[in-house]
């Protein structure tokens, strides 16, 4: 199958990952309420940590090894056997620890039924073996199967989740998505790979799996650990507030992550060909594209945080208003960090420095959780996430400055921030005067900020990326 078709299928799959929650979350958050949503988020975050331990770096190493050996069935089957064996060992260890933790900690034993459902999800994830089908580039199969399962999940949620006490059923349906996908994969895997138990060599893959797994775990310490920490120090309402505050942000930043990931091969090629000037020019373009997207989005989401929460989750989530305002500036912070890490440090093969950045972010996240989150709960968790990401961004900027002399474009950022002050004032006036109609208020604010951003980027800021994009669209329109 061609690269274009694979990209298309992968794009559809990625989009569905964020469209489905947008369809179900407004309904579920209203039906279950903030406390029960908090319980589901807390238990799911615990289970996801055990999933990280059970997989370590197998997903990444698996794709790489299957792709490298798929032309030789003998080597591929041997790699497949080794990876499945390691996955089974890590899963067994994770499952034992999960069961011990469930019956040891009162906070988990209280929800032991959900934890046991999570254990089912943990086992099913091992049988999923998505890395095999990805390495074989079976993107059409993965996409069609996943879309069907997610479609059935949406129908099941709307049909069966009818009242607040249905939160165990909601959690069960969410876990069943993994189970059903795993069952389908198990039925199909025999057509592509077979076990070769003779000459199993686990040591071959153990080191890269542990290194990548350790990096993933460190990253999670300043991205998702806040939910787990909140669950142990506060009531589940606080998790519901924090989860709601980060729901929209996750979708926005995922879109920009797709852009930076696409840029990685091009940046690596420029470095390999020693085209330093073009490399730096591409970085500048990425930064200007980030400014063009992030500034209006931050203003819109911070100003209309109450309206956004009301539209997504309904009433009862007032505690999510301030956390939403706090986390939204991360659209710029994480976006810029991704430029530094994905587009600069990765092409430079500075893996050790990337790992050090993650260690600093994890350490900062743990300290901030102990100092801030314990006192301010959901608000503190939001502040902790922002501070952790700022630490990662600062450390990455320091290394990039050393490597290629690229400094933080502070003046350009300040110029952009100052130019959007009139738009901020207009949005605040709209929000203050049309509070009773959340959707209308947000819609008007969105139109204002969009028009203002286009005009200011084209005239005063003269953003080359925006100007080139609009020019291309106008040329296509004229041709039609």
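If we keep just the residues of the range 76-94 that are in contact with a helix residue (DSSP H, G or I) (Cβ under 6 Å, 6 or more places away or on another chain) and farther than 16 Å from residue 210 by Cα, which is surrounded by the fewest Cβ atoms within 10 Å (Cβ to Cβ)?
The extreme case among them is 76.
Filter the range 294-328 down to the residues that are outside any helix (DSSP H, G or I) and buried (at least 23 other Cβ atoms within 10 Å of the Cβ) and list them by number.
First, pick out the residues of the range 294-328 that are outside any helix (DSSP H, G or I): 304, 314-317, 328.
Once the filter is applied, which keeps residues that are outside any helix (DSSP H, G or I) and buried (at least 23 other Cβ atoms within 10 Å of the Cβ), the range 294-328 yields 304, 317, 328.
How many of the residues in the range 320-345 are under 16 Å from residue 395 (Cα atoms) and over 19 Å from the mean Cα position of the chain (by Cα)?
Selection size over the range 320-345: 2.
For the range 357-388, which positions are surrounded by fewer than 24 Cβ atoms within 10 Å (Cβ to Cβ), farther than 21 Å from residue 320 by Cα and touching a helix residue (DSSP H, G or I) at 6+ places or on another chain (Cβ under 7 Å)?
358, 359, 360, 362, 364, 366
If the requirement is being closer than 23 Å to residue 312 by Cα and in a helix (DSSP H, G or I), which of these qualifies: 443, 390, 413?
Working: 390 fails: closer than 23 Å to residue 312 by Cα; 413 fails: closer than 23 Å to residue 312 by Cα.
Going through 443, 390, 413 in turn, the sole match is 443.
Please state which of the following conditions residue 9 fails to meet, knowing it meets all the rest: (1) modelled with pLDDT of 80 or more; (2) surrounded by fewer than 22 Cβ atoms within 10 Å (Cβ to Cβ).
For residue 9, the exception is condition (1).
Which one of these is surrounded by fewer than 19 Cβ atoms within 10 Å (Cβ to Cβ), closer than 18 Å to residue 170 by Cα and modelled with pLDDT under 80: 21, 26?
Values: 26 fails: modelled with pLDDT under 80.
Exactly one residue qualifies, and that residue is 21.
For the range 329-387, enumerate the residues that are outside any helix (DSSP H, G or I) and either under 28 Å from residue 295 (Cα atoms) or free of Cβ contacts under 8 Å to residues at least 60 places away in the same chain (or both).
The first filter runs over the range 329-387 and keeps only residues outside any helix (DSSP H, G or I), leaving 329, 346-350.
Listed by number, the residues that qualify are 329, 346, 347, 349, 350.
For residues that are surrounded by 12 or more Cβ atoms within 10 Å (Cβ to Cβ) and within 14 Å of residue 309 (Cα to Cα), scanning just the range 418-436, find the one that is modelled with the lowest pLDDT.
Per the criteria, the residue is 435.
Kindly provide the set of residues from the range 129-175 that are under 30 Å from residue 75 (Cβ atoms) and free of Cβ contacts under 8 Å to residues at least 24 places away in the same chain, ordered by number. Give the derivation first.
The initial filter retains those residues of the range 129-175 that are under 30 Å from residue 75 (Cβ atoms), namely 129-146.
Listed by number, the list holds a single entry, 144.
The values are calculated or read from the model by the stated rules, or taken from the named source; none is laboratory data. Just so it is clear, the model here is predicted, and its values are computed rather than measured. Every residue, glycine as well, gets a Cβ built from its backbone with ideal geometry; the counts of neighbours run over all protein chains shown.
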